Amino acid sequence: MLLIDPSKRNSFEWHICEGDLVIVYERHDNMKAVKVQKGSVFQNRFGIFKHSDWIGKPFGSKVLSNKGGFVYLLAPTPELWTLVLSHRTQILYLPDISLVLSYLEIVPGCLVLESGTGSGSLTTSLARAVAPSGHVYTFDFHEQRATLAREDFTRIGLSSLVTVTVRDIQGEGFPEEFCGSADSVFLDLPQPWLAMPSVGRMLKQDGVLCSFSPCIEQVQRSCEALKSNFTDVRTFEVLLRTYEIKEVRMDGNGGGEGSPVGPFPRKRRQCLSGEGSNGSMEQTTAVMVRPCSEARGHTGYLTFARLACI
């Protein structure tokens, strides 16, 4: 149910049908993927929600439980799917995925090769980027992981855009049928330098490679292997800093619950809080912005290179 059907291009025109996969949104850090089935219910701390009440509503609707609580029903976009999928392996998150899509120069109609399907987090975004006429061929050496990923892509409506194959790319390389036809290649392998010769044969002239590695030693060896056939080699580490925004109650001194500042001078207190001559003060509210105490740190290094033109 991703944005691949021209008849449903605008999300506000979508309506939920039986059998659809929806993302049940409680808050930004609490979402679940649920398949809509008439007669079934979804239960959480807000109460019981009947699936039959969801059918026919547009995606993005706010629905009520038997207790008056509510959730939002969202379409399973790649961004949301990354947040709710089952983690069979370490996954790429949205900051890394955004950079990968940009630097691989992926547009509709591209043919993309991926080694290291894993949980399929990146694959879903690659599929939407190449839709409707492109294709993603993704490979994983682990048969069970490949099977589960294939099932997930079918659930979210990507089976026509993604082909999953069991293959050891490090040992065997990519299939020769893709020789000279790939616009972009993505590698998520323990020893990516072993696959570099095969990548060079698969890419079109001026094609782009991206290799994801958690350790800098892997990056060093990969860059050494890239010297012979690639140019414009660059490595990035994406570190995202998020901020917490909340409303706090302020006392007449300009301070309040969670306030990092001390009291304002007396004249300013009188202007801000309406302190009168009798010294009485009114409580006000203010918006506080500060860095989140828990931030995701290092995930990995992204190395990009362009196939040198002959």
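Taking the range 130-147, which residues are within 23 Å of P190 (Cβ to Cβ), buried (at least 18 other Cβ atoms within 10 Å of the Cβ) and not hydroxyl-bearing (S, T, Y)?
V136, F139, D140, R145, A146
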Inset, instruction - Give me a count of the residues in the range 168-194 that are among the acidic types (D, E), within 25 Å of the chain's Cα centre (by Cα) and in a loop (DSSP other than H, G, I, E, B). - result: 1
Inset, instruction - Only strands (runs of 3 or more DSSP E) wholly contained in the range 229-310 count here; list those with 3 or more residues that are modelled with pLDDT of 85 or more, under 21 Å from L104 (Cα atoms) and in contact with a strand residue (DSSP E or B) (Cβ under 8 Å, 6 or more places away or on another chain). - result: 230-236, 301-307
Legend entry - the range 148-166, residues that are open to solvent by less than 60 Å² (accessible area, probe 1.4 Å) and in a loop (DSSP other than H, G, I, E, B): I156, G157, L158, L161
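Just to verify a result, which residue in the range 197-228, among those that are assigned to a loop (DSSP other than H, G, I, E, B) and within 23 Å of C309 (Cβ to Cβ), is least open to solvent (accessible area, probe 1.4 Å)? Walk me through how you get there before you give the answer.
Step one: filter the range 197-228 for residues assigned to a loop (DSSP other than H, G, I, E, B), giving 214-215, 227-228.
Of the ones still in play, those that are also within 23 Å of C309 (Cβ to Cβ) are 227-228.
Values: K227: 141, S228: 91 Å².
Taking the candidates together, the pick is S228.
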Legend entry - Unmet criterion (only one of (1) open to solvent by less than 10 Å² (accessible area, probe 1.4 Å); (2) without any contact (Cβ under 8 Å) to a residue 40 or more places away in the chain) for S184: (2)
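The values are calculated or read from the model by the stated rules, or taken from the named source; none is laboratory data. Here the structure is a predicted model, which means the values were calculated and not measured. Neighbour counts are summed over all protein chains in view; Cβ atoms, including those assigned to glycine, are modelled from backbone coordinates with ideal geometry. Remember, those area values only see protein heavy atoms, side chains included, never the ligands or the DNA or RNA. Shrake-Rupley method; radii C 1.70, N 1.55, O 1.52, S 1.80 Å.
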